[in-house]
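Engineer: This structure is in structure tokens; I'll ask about it shortly.
The values are calculated or read from the model by the stated rules, or taken from the named source; none is laboratory data. These numbers were taken from a predicted model, which means no experiment stands behind them. Here the Cβ positions follow ideal geometry from the backbone for every residue, glycine too, while neighbour counts run over all protein chains shown. Surface areas here come from the heavy atoms of the whole protein model, side chains and all, with no ligands, DNA or RNA. Shrake-Rupley method; radii C 1.70, N 1.55, O 1.52, S 1.80 Å.
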Amino acid sequence: MKDARDVIVRPVVSEKSYSLMENHVYTFEVAKSASKPQIRDAVESIFDVKVLKVNTLNREGKRKRNRGLPTFGKRPAIKRAYITL
């Protein structure tokens, strides 16, 4: 991955992510192929901060029922990164 903006997809906005911000832990959705060193370098270059730790989490997509049809669909799988500053 060349550009840091290709590694960091978007920030995660949820109750859990807001409660973690008090402890200087920020949550981002990242590219599935991104490694921890790539995530660290991307966050440091975009936000001009010093990263202490990177934890990643692969979340499998949920199976969802289609309304009115006897079929099922699937939400996409995502990768999250918890960044400690």
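Engineer: Scan the stretch 50-81 residue by residue and report those that are acidic (D, E) and without any contact (Cβ under 8 Å) to a residue 12 or more places away in the chain.
Structural biologist: none
Engineer: Additional query: Tally time: how many residues in the stretch 33-52 are of a type in the set (D, E, K, R) and closer than 11 Å to A81 by Cβ?
Structural biologist: 2
Engineer: Still on this structure: For the stretch 70-85, what are the residues that are under 30 Å from M21 (Cβ atoms) and surrounded by 10 or more Cβ atoms within 10 Å (Cβ to Cβ)? Give the steps one after another, and end with the answer.
Structural biologist: First, pick out the residues of the stretch 70-85 that are under 30 Å from M21 (Cβ atoms): 75-85.
The answer is R75, A77, I78, K79, R80, A81, Y82, I83, T84, L85.
Engineer: Looking only at the stretch 60-84, which residues are basic (K, R) and more than 13 Å from K32 (Cα to Cα)? Don't jump to the end; show me each part of the working.
Structural biologist: Looking only at the stretch 60-84, we keep the residues that are basic (K, R), and these are 62-65, 67, 74-75, 79-80.
The answer is K62, R63, K64, R65, R67, K74, R75.
Engineer: Strands (runs of 3 or more DSSP E) wholly in the stretch 1-69 with at least 3 residues that are open to solvent by 90 Å² or more (accessible area, probe 1.4 Å) - which ones?
Structural biologist: Because the criterion is at least 3 residues that are open to solvent by 90 Å² or more (accessible area, probe 1.4 Å), the strands (runs of 3 or more DSSP E) in the stretch 1-69 that meet it are 53-59.
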